[in-house]
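This report refers to the structure that appears directly beneath it.
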Amino acid sequence: MRKDNIRKRSTSKIRPTMAVKLVLLFLSGVVLISAKGKDCAPSFCSCKKYEVHCEMPEDANKQMTYYEYAAAQCKSHGGVLANLADPDVDAMLKKFIANEGLDGSACINNFGFFIGLTDPNYDGSFVWSNGNPLCQGCYTNWAPGEPNNNDKKDENGQNCGQLWYRSNHNGLWDDEYCNERPKGYVCEIPNNCCCSETP
Ligand SMILES: [Ca+2]
Ligand SMILES: [Ca+2]
């Protein structure tokens with residue numbers, strides 16, 4: 001795990017926003033070949049970088065939902081909103097968020113980070129951003145009583161997944177209104193050249 005950088009910016013109208021990049025490199029089934037003097041061999045590497053971003057400005061691009069905007073931010077970094085189907089990844093992200101204090105008001109004021117889990121047909125069938133369904137028997141980490149598709153604020157209900165930091169939920173999953181704003185978000189970015197970082 002390593003922290004690449006922390007950026008802060010603010011304007012007179014927008015309250016401070018901070019993006020925290022950090023992350024977790026995973027080597028799964030990696031054959032650590034010597035890459036000295038050669039391009040790394042992506043076929044031997046399966047590495048991902050996860051970026052935890054603090055919330056964006058509340059008035060960010062209202063032409064799209066806030067969730068769509070978060071996804072576009074990840075795309076602009078070469079990735080997608082994070083898939084947390086792997087319990088180890090889910091746990092490591094929560095640990096990172098807690099250790100870095102990103103669950104506090106300095107990073108998020110609206111109780112959560114969007115992740116790559118949506119319910120596009122509003123029918124309770126959740127899908128990860130890589131297209132994989134949240135299948136029956138698959139790992140889940142929903143908060144008690146969630147997903148509840150609360151429709152008090154939107155007749156379409158809640159269809160966008162978040163790591164929920166309200167009360168003592170500590171990052172358990174929740175379905176949230178897709179246009180609830182502001183929110184933090186977590187990106188997953190391929191890092192196929194991680195093997196070049198090995199000695
Ligand atoms: Ca729903
Ligand atoms: Ca909910």
Original post:
Of the residues G131, G124, which single one is more than 21 Å from Q73 (Cα to Cα) and assigned to a loop (DSSP other than H, G, I, E, B)?
Top reply: G124
Original post:
What about S167, is it assigned to a loop (DSSP other than H, G, I, E, B), of a type outside the set (A, V, I, L, M, F, W, C) and under 21 Å from P57 (Cα atoms)?
Top reply: no
**OP:** Pick out the one residue from A106, A91, A85 that is more than 26 Å from A60 (Cα to Cα) and in a loop (DSSP other than H, G, I, E, B).
**Re:** A85
Subject >> Conditions (1) assigned to a loop (DSSP other than H, G, I, E, B); (2) in contact with a Phe, Trp or Tyr (Cβ under 8 Å, 6 or more places away or on another chain); (3) not β-branched (V, I, T): number failed by K62 >> reply: (2)
Original post:
Only one residue in F113, F96 is surrounded by 18 or more Cβ atoms within 10 Å (Cβ to Cβ) and part of a helix (DSSP H, G or I). Which one?
Top reply: F96
Original post:
Restricting the range 156-176 to residues that are touching a Cys at 6+ places or on another chain (Cβ under 6 Å) and more than 9 Å from ligand 2 (Cβ to nearest atom), which is farthest from C187 (Cα to Cα)?
Top reply: N159
**OP:** Might you let me know whether the range 128-135 holds any residue that is free of Cβ contacts under 8 Å to residues at least 12 places away in the same chain, within 11 Å of ligand 2 (Cβ to nearest atom) and out of contact with any helix residue (DSSP H, G or I) (no Cβ under 7 Å at 6 or more places or on another chain)?
**Re:** no
**OP:** State which residue is nearest to ligand 1 (Cβ to nearest atom) when the search covers only the range 134-152 and only residues that are under 20 Å from A91 (Cα atoms) and either aliphatic (A, V, I, L, M) or touching a Phe, Trp or Tyr at 6+ places or on another chain (Cβ under 9 Å) (or both).
**Re:** P147
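FYI, it's all coordinate maths here, none of it is from the lab. Predicted model, so just to flag it, every value in this text is computed and none were measured. In this analysis, Cβ positions are derived from the backbone assuming ideal geometry, glycine residues included, and neighbour counts consider all displayed protein chains.
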